[in-house]
1. Name the one entry in A:139, A:126 that is part of a helix (DSSP H, G or I), in contact with a Phe, Trp or Tyr (Cβ under 8 Å, 6 or more places away or on another chain) and touching a residue at least 60 places away in the same chain (Cβ under 8 Å).
2. As an exercise: evaluate residue A:230 against (1) within 9 Å of chain B (Cβ to nearest Cβ); (2) surrounded by 15 or more Cβ atoms within 10 Å (Cβ to Cβ); (3) modelled with pLDDT under 90 and give the number of the one condition it does not meet.
3. Which strands (runs of 3 or more DSSP E) does the stretch B:162-253 wholly contain that include 3 or more residues that are in contact with a helix residue (DSSP H, G or I) (Cβ under 7 Å, 6 or more places away or on another chain) and within 14 Å of chain A (Cβ to nearest Cβ)?
4. Taking the stated definitions as given, is residue A:89 in contact (Cβ under 8 Å) with a residue 40 or more places away in the chain and within 24 Å of residue A:200 (Cβ to Cβ)?
5. Considering only helices (runs of 4 or more DSSP H) fully contained in the stretch B:36-150, which possess at least 2 residues that are open to solvent by 50 Å² or more (accessible area, probe 1.4 Å) and of a type in the set (D, E, K, R)?
6. Only one of B:210, B:244, B:177 is crowded, with 17+ Cβ neighbours inside 10 Å, without any contact (Cβ under 8 Å) to a residue 60 or more places away in the chain and not polar (S, T, N, Q). Can you tell me which?
7. Being of a type in the set (D, E, K, R) and free of Cβ contacts under 8 Å to residues at least 60 places away in the same chain is the filter here, so list the residues in the stretch B:54-90 that pass it.
Amino acid sequence: MAKRFNFSRRKANQFDLNEVYRQLRTNIEFMEFDDKVQAINITSTTKNEGKTTISLNLARMFAAKYQGVLLIDCDLRNPSIHKQINKSNSQGLSNILSELSENLNISYREEVFHLQFAPEENPFDVITTGTKVPNPTEVLSSNRFRKFMEIARQQYKYIIIDCPPIGYVADAIPVSNLCDGTLYVISCKEKHKKQVRNAVNDLKRTGVNILGAVLNKVDISSQKYGYGYYYGDEK
Amino acid sequence: MSRRKELDRKNRKDYIATMELDNSFDESEINIDLEEIFNFIRSKFIALALVIVVFVGASFAVTKFVMAPQYGSSGTIFLTPLTTESGNADYTSLNVNSKLVKNVMGLLTQDNIMLKVAEMTGMNSAESVRDCLYIDNTQDTEIITITAKTQDPKLSKKIVSSTIKVFIETMQDNLNVKNIEVVNPPKLSYIPVGPSLKKNIAIGAAIGMVIDALYVALAVLTDNRIKNKNQAEKYLGIPVLCEVPETIPAGKE
């Protein structure tokens with residue numbers, strides 16, 4: 001099942017968002033050193049900083065290059081991936097976890113959606129949050145979820161996880177410990193400099209591997225080079 | 001997690017830790033980035049310029065339409081030196097006069113004279129007369145200019161002529177000083193000398209600029225956003241992997 005999605009539109013001028021996400025993918029690949037970065041989780045300080053958009057686009061970018069990419073929505077309290085891909089959230093991660101078994105084949109589960117952005121790109125799998133649970137933090141710190149991640153690592157090349165903001169709940173911490181790296185999304189429009197710093201320091205203290213930050217909603221008008229006028233992309 | 005993985009993770013943390021060495025951001029310091037100020041002014045340039053224009057316009061309007069025109073009148077007096085029989089100026093009296101100039105300028109606005117002038121011109125008090133008077137002395141001369149500025153040209157002239165008259169009379173009667181000459185008697189002029197449009201516009205522009213400066217300073221200092229890559233890396237101590245520009249999200253047009 002293939003479906004085209006337009007995740008965002010341009011505000012002005014000629015730049016290619018694809019190039020931005022491609023650069024993000026390249027930078028993540030570059031940070032692998034000896035150890036492969038297979039599972040990446042994405043979090044931020046507050047809501048609406050752009051985690052879901054970025055995780056969707058990043059998954060798409062990885063899928064454009066590799067086969068076997070999985071995107072999971074782990075924001076059990078405020079799920080948003082199903083909204084952006086316009087799908088139902090009646091079944092998802094919580095359902096898979098409740099029926100977890102050793103011979104689980106994730107891709108064949110009915111809760112999993114298969115998306116393809118363009119015909120020339122590989123499709124990638126998306127798991128939404130599913131049935132609402134009363135204890136999200138416990139679910140994400142549970143052994144079941146850990147087992148699920150182990151199975152997913154065997155069946156997929158790259159796993160991208162959209163987590164809730166750490167400024168509000170600690171859900172992202174157990175997930176980060178199961179991942180190889182964490183991306184921290186920062187919106188340039190939010191007035192929360194100090195909170196970001198405190199949150200990042202807290203994250204560092206828990207022993208999480210922070211790959212780096214992704215600045216979102218950057219004002220490009222004040223930059224001379226970069227995205228204001230994209231080289232080779234004159235239309 | 002395997003031992004090797006743990007070690008590699010530690011190495012990665014060292015890389016991040018070296019970035020933290022730059023992270024010496026003390027909460028008690030306030031860092032002002034000139035580039036940030038410049039970018040802010042550039043983004044809000046029209047609004048800031050508008051403030052100045054508004055104040056200039058307001059001061060123009062007030063000066064032209066609200067403030068009453070002022071009319072002035074000037075008279076000049078001269079402390080004449082004594083002349084000898086042969087017609088030459090007496091050197092001693094010249095010296096004395098040059099020292100007298102400052103005294104004369106002070107004496108002109110003393111209460112005794114001002115009160116009489118007030119009576120003669122119908123003004124309220126000595127103070128109100130003194131407020132309209134400007135006494136000036138050309139450098140290195142004994143020429144004293146007395147100027148009055150009021151809203152009535154006739155009153156201005158009358159104040160000057162009364163002041164000069166009363167002064168000369170008082171000096172003669174009380175101090176027996178007779179060497180004061182009126183060089184230019186005050187004239188009636190219907191050309192307004194004030195208020196000064198240029199001066200008031202300059203003041204208006206200055207007020208506008210001060211308000212702009214205060215606004216810019218406040219806005220930049222209280223700005224709690226992380227705006228660019230350099231700022232983020234310095235402030236947080238983690239590398240910035242990419243910058244996603246602002247877009248309109250699908251469905252939110």
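The values are calculated or read from the model by the stated rules, or taken from the named source; none is laboratory data. Everything numeric in this text was worked out from a predicted model, so none of it was measured. A quick note on method: Cβ atoms are made from the backbone with ideal geometry, for glycine too, and the neighbour counts reach across all protein chains shown. These area figures cover heavy atoms from the full protein model, side chains too; ligands, DNA and RNA do not enter into them. Shrake-Rupley method; radii C 1.70, N 1.55, O 1.52, S 1.80 Å.
1. A:139
2. (1)
3. The strands (runs of 3 or more DSSP E) meeting that bar are B:240-245.
4. The answer is no for residue A:89.
5. Details: elements: B:45-61, B:91-108, B:111-121, B:126-132.
Because the criterion is at least 2 residues that are open to solvent by 50 Å² or more (accessible area, probe 1.4 Å) and of a type in the set (D, E, K, R), the helices (runs of 4 or more DSSP H) in the stretch B:36-150 that meet it are B:91-108, B:111-121, B:126-132.
6. B:244
7. As a first pass, look at the stretch B:54-90 and keep what is of a type in the set (D, E, K, R): B:64, B:85, B:90.
Of everything in the stretch B:54-90, those that are of a type in the set (D, E, K, R) and free of Cβ contacts under 8 Å to residues at least 60 places away in the same chain turn out to be B:85, B:90.
Yes or no, residue by residue, for (1) open to solvent by 40 Å² or more (accessible area, probe 1.4 Å); (2) more than 19 Å from the chain's Cα centre (by Cα):
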residue: A:175; (1), (2): no, no
residue: A:178; (1), (2): no, no
residue: A:181; (1), (2): no, no
residue: A:190; (1), (2): yes, yes
residue: A:197; (1), (2): no, yes
residue: A:201; (1), (2): yes, yes
residue: A:205; (1), (2): yes, yes
residue: A:208; (1), (2): no, no
